[in-house]
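Heads up, the thing below is written out as structure tokens.
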2 protein chains.
Amino acid sequence: MLINELSKRTGVAIPTLRYYENFGLFKGVSDETVTTNNYKDYDESIVEKIEMIKGAKEGGFTLSEIKKLLDSWYDKNLSNEKKTQVVLNKISEIDCKIQELKKVKKLLTECIVTIEKGGC
Amino acid sequence: MLINELSKRTGVAIPTLRYYENFGLFKGVSDETVTTNNYKDYDESIVEKIEMIKGAKEGGFTLSEIKKLLDSWYDKNLSNEKKTQVVLNKISEIDCKIQELKKVKKLLTECIVTIEKGGC
DNA sequence: TCAAAGTATACACTATACTATATACTTGTA
DNA sequence: TACAAGTATATAGTATAGTGTATACTTTGA
């Protein structure tokens with residue numbers, strides 16, 4: 001699909017997609033048989049990748065952190081053990097963030113009790 | 001406590017604390033009886049507030065979002081019902097972020113299976 | 001007492017993640 | 001075939017969240 005469709009499918013604005021591509025998060029391919037333009041084609045796997053990027057960003061990961069993960073994922077020179085390790089590390093970072101969020105949630109829940117008591 | 005101790009207690013750098021205070025996330029008080037300086041004093045509640053800020057930031061909330069929450073929390077003119085509503089909204093945002101992070105985690109877990117199968 | 005360390009304020013600078021603008025070329029449609 | 005809409009690239013500008021530097025004043029300890 002072309003960038004316009006990719007944007008519609010993911011809900012990410014075209015300039016942002018170009019920024020991401022430029023940042024190295026994914027890469028569209030120009031059809032070599034077409035010589036009149038260099039329009040890039042993005043496949044289904046890129047839609048999935050962007051969904052992952054959106055989720056990770058929502059959870060507070062930076063583009064650099066996301067890139068590092070994707071880079072090792074696609075690194076042919078990395079052993080499966082090392083790839084697994086990188087992914088496991090990211091999973092434990094996610095668990096950490098979830099714990100932090102739960103802590104904040106707990107604080108806010110306590111807040112509500114305080115409000116209802118008329119405190120504050 | 002003075003800013004130096006606050007920094008040590010929270011692990012947040014002094015310039016960052018000043019930035020937060022300036023942003024309006026909390027406010028130290030100058031002792032009116034001391035005329036020689038305007039050193040600010042920060043109490044325990046501010047330590048807690050900063051822990052909350054750290055957690056919220058880690059989970060991807062912006063300082064503006066955090067400020068909005070704190071502002072309504074300390075708004076004397078807001079009814080308890082409205083305060084509760086603001087806090088409940090924030091809690092559901094947190095749940096949303098947790099769901100997003102779990103989705104990413106699921107994706108990464110699937111990644112590991114794929115790696116182990118020798119795929120990619 | 002005086003020098004080092006701490007505090008406050010102001011302003012400049014940086015990094016991240018976009019967003020906008022300009023330009024040039026291509027494609028699809030009336 | 002003309003022209004609107006789509007695509008690519010480059011560059012500049014913006015917002016957020018700090019970090020660094022300079023200056024001035026205050027406190028504390030040898």
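The values are calculated or read from the model by the stated rules, or taken from the named source; none is laboratory data. All values reported here derive from a predicted model rather than from experimental measurement. Every residue, glycine as well, gets a Cβ built from its backbone with ideal geometry; the counts of neighbours run over all protein chains shown. Side chains included, ligands, DNA and RNA excluded: accessible areas come from the protein's heavy atoms. Shrake-Rupley method; radii C 1.70, N 1.55, O 1.52, S 1.80 Å.
Observations, loosely collected:
- Among the residues of the stretch A:103-120, the one identified as more than 7 Å from chain B (Cβ to nearest Cβ) and under 27 Å from the mean Cα position of the chain (by Cα) is A:K106.
- Every pair of residues 6+ apart whose Cβ atoms lie under 9 Å, when the first sits in the stretch A:57-80 and is more than 9 Å from DNA strand C (Cβ to nearest atom) while the second is of a type in the set (F, W, Y): A:G60/B:F61; A:L69/A:F61; A:L70/A:F26
- Taking the conditions (1) more than 10 Å from DNA strand C (Cβ to nearest atom); (2) away from chain A (no Cβ under 14 Å); (3) not acidic (D, E) in turn, B:I53 satisfies each one other than (2).
- Consider the stretch B:26-41 and keep the residues that are within 11 Å of DNA strand C (Cβ to nearest atom) and among the acidic types (D, E). The one that is surrounded by the fewest Cβ atoms within 10 Å (Cβ to Cβ) is B:D31.
- Test: A:K40 is at pLDDT 95 or above and more than 8 Å from chain B (Cβ to nearest Cβ): yes
- Only one entry in B:V29, B:V47, B:V86 is in contact with an Asp or Glu (Cβ under 6 Å, 6 or more places away or on another chain), of a type outside the set (S, T, Y) and more than 8 Å from every other protein chain (Cβ to nearest Cβ), namely B:V29.
- Residue ID - least open to solvent (accessible area, probe 1.4 Å), chosen from residues in the stretch B:42-89 that are aromatic (F, W, Y) and over 9 Å from the mean Cα position of the chain (by Cα): B:Y42
- Taken residue by residue, the stretch A:7-15 has at least one member that is closer than 30 Å to A:S92 by Cα, more than 8 Å from DNA strand D (Cβ to nearest atom) and within 14 Å of chain B (Cβ to nearest Cβ).
- In the stretch A:6-25, the residue that is least open to solvent (accessible area, probe 1.4 Å) out of those that are among the aromatic types (F, W, Y) and over 12 Å from the mean Cα position of the chain (by Cα) is A:F23.
- The stretch A:90-111, residues that are buried (at least 16 other Cβ atoms within 10 Å of the Cβ) and β-branched (V, I, T): A:I91, A:I94, A:I98, A:V104
Quick grid of which residues meet (1) within 16 Å of DNA strand D (Cβ to nearest atom); (2) in a helix (DSSP H, G or I):
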{"position": "B:F26", "(1), (2)": "yes, no"}
{"position": "B:I46", "(1), (2)": "yes, yes"}
{"position": "B:D71", "(1), (2)": "yes, yes"}
{"position": "B:L78", "(1), (2)": "no, no"}
